[in-house]
Structures are given as structure tokens and as C-alpha cells.
Amino acid sequence: HFRDLFHFTTGAPHLSMPTTTSINISWETDRPAVATVFYGETDEMGNQTVVDKAGTRSQSVTINGLKPNTAYHYRVVSEDQEGNRLDSGALMFRTAVEKGDPVIFAALSDTEARPHVNAHLADLIWKESPHLVINAGDLTDGGRHDHRAEWTHEYFAATGHLMARTPFLPVMGNGEDDFVWFDRYHLTSAPEISYYNYQYGDVEFFVLDSNLAKRDQPDPA
């Protein structure tokens with residue numbers, strides 16, 4: 001339906017890896033584009049940064065120099081080679097809290113193959129205003145290299161509106177099968193590794209991979 005329409009294949013920009021002074025914003029468009037990310041503490045968004053990764057559709061930027069536990073407005077505006085513009089609209093994110101501050105997080109899992117259910121869950125989670133969301137694996141049903149539609153037409157279609165406003169902490173389940181799309185769409189503290197730890201305020205999250213022997217090291221040297 002959108003083959004000829006300039007659009008975000010991830011539904012919207014999505015947030016990851018918040019710290020007290022930075023956050024990552026990622027997105028993918030259906031064609032190569034140059035993007036400008038506008039951001040600021042007010043809806044005037046007085047700051048901007050240009051992201052020009054020539055010939056690429058999947059892009060990201062880490063915005064630094066932010067204040068702890070502070071709400072920021074942002075928007076992503078992309079322009080393709082023909083001059084068509086794509087505007088994410090006004091969105092918001094919050095930087096990480098400092099140690100000693102309360103931390104609120106939501107947890108869900110098995111978002112595979114149920115976009116209508118997951119869209120409803122995303123709406124309910126948003127009403128609770130968590131600082132971040134943990135997705136504990138099986139984001140997709142079998143999201144390997146030849147199953148990209150499970151990411152774009154199910155996973156992001158259902159939860160993208162929440163991911164645009166609340167950072168996700170993803171866990172790679174056996175449903176992701178390989179790193180191709182998981183690593184493309186989710187920035188973690190350990191790229192190309194399915195296990196990592198992540199500190200947020202007074203909470204430290206440890207992400208383990210029960211499929212490690214099968215996926216990463218079937219015959220370790």
C-alpha cells in the first residue's frame with residue numbers, strides 16, 4: 001500500500017539507550033534520505049543535528065549534552081533525493097533519572113505475530129508513563145533475514161508509537177533467529193552480542209541469552 005509513498009518503515013523514530021545526558025534516536029525510511037533531528041526542552045526545539053549517511057535507509061543519532069531526568073521535544077524530518085519531505089511530527093522523550101531517583105519500567109514479551117494485541121498493550125503501557133520498557137524476547141515470530149515483514153508490518157506497526165516516546169530495552173529470543181534485523185533495529189550496549197548489561201538509575205539490568213550456544217558459538221574455538 002505504501003510502495004510509492006515516502007514513509008518510515010519502522011512506523012516512526014524509536015528511542016534507545018537513554019543516559020542522564022544522552023539518548024539514541026533511530027529510524028528507517030523506505031528510501032535513502034538526509035534527515036534533520038530537531039530537539040529542545042520546549043516545543044520550539046531550538047537545537048538540530050543533520051544525519052547524512054549517504055545511500056542508507058536505516059539511520060540513527062545519539063544526542064548528547066542533555067539534562068538528567070528532563071523531558072525533551074523532538075522531531076525527525078527526512079528529505080529524499082527528489083526533494084520529498086517526511087516529518088515524524090512532534091514527539092517527546094525523557095532522559096534517564098539520576099541515582100537515588102525512583103525508576104518505573106514496564107515489561108512484556110512474546111510480541112510476535114499479534115500486532116492487534118500488542119498495539120493494545122502499548123496503549124496501556126503508555127498510560128502508566130514508565131521510564132523504559134523491557135521486551136523480554138521473541139519480539140518476532142521468526143524474524144530472520146527473509147522475514148523482514150515481521151519487523152516492519154507486525155512489530156513496529158503495533159508498538160512503534162510507544163517506542164517513539166519510551167525507550168525499549170530488547171532481549172533477543174529464539175524468535176529472532178539471527179542478528180540481521182534485531183541488530184539493525186535495536187541499539188544495545190553490546191552490538192552484535194546477544195547478552196549485555198545496562199544501568200539505569202539505581203537499577204542494573206542483566207540481559208542473558210539462553211540460545212547462545214546454538215546461535216553464536218555452535219563450535220567454539
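Listed values, structure above:
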| quantity | calculated |
| --- | --- |
| Positions within the stretch 8-46 being surrounded by fewer than 17 Cβ atoms within 10 Å (Cβ to Cβ) and in a loop (DSSP other than H, G, I, E, B), in sequence order | T19, T21, S22, R31, P32, E41, T42, D43, E44, M45, G46 |
| Selection status of R165, among the charged types (D, E, K, R), within 30 Å of P32 (Cα to Cα) and open to solvent by less than 70 Å² (accessible area, probe 1.4 Å) | no |
| Counted residues, the stretch 73-104 - those being surrounded by 17 or more Cβ atoms within 10 Å (Cβ to Cβ), in contact with a Pro (Cβ under 9 Å, 6 or more places away or on another chain) and part of a strand (DSSP E or B) | 6 |
| Answer residue from the stretch 126-162, given it is acidic (D, E) and assigned to a loop (DSSP other than H, G, I, E, B) and is surrounded by the fewest Cβ atoms within 10 Å (Cβ to Cβ) among those | D146 |
| Unique match (being under 15 Å from the mean Cα position of the chain (by Cα) and assigned to a loop (DSSP other than H, G, I, E, B)) among T56, T62, T111 | T111 |
| When residues of the stretch 168-196 are limited to those that are polar (S, T, N, Q) and either open to solvent by 70 Å² or more (accessible area, probe 1.4 Å) or in contact with a helix residue (DSSP H, G or I) (Cβ under 8 Å, 6 or more places away or on another chain) (or both), the one modelled with the highest pLDDT | N174 |
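The values are calculated or read from the model by the stated rules, or taken from the named source; none is laboratory data. Because the structure is a prediction, the values reported are computed rather than measured. Glycine also receives a Cβ, built like all others from the backbone with ideal geometry; neighbour counts cover every protein chain displayed. Quick note on the areas: whole protein, heavy atoms, side chains included, nothing else; ligands and nucleic acids left out. Shrake-Rupley method; radii C 1.70, N 1.55, O 1.52, S 1.80 Å.
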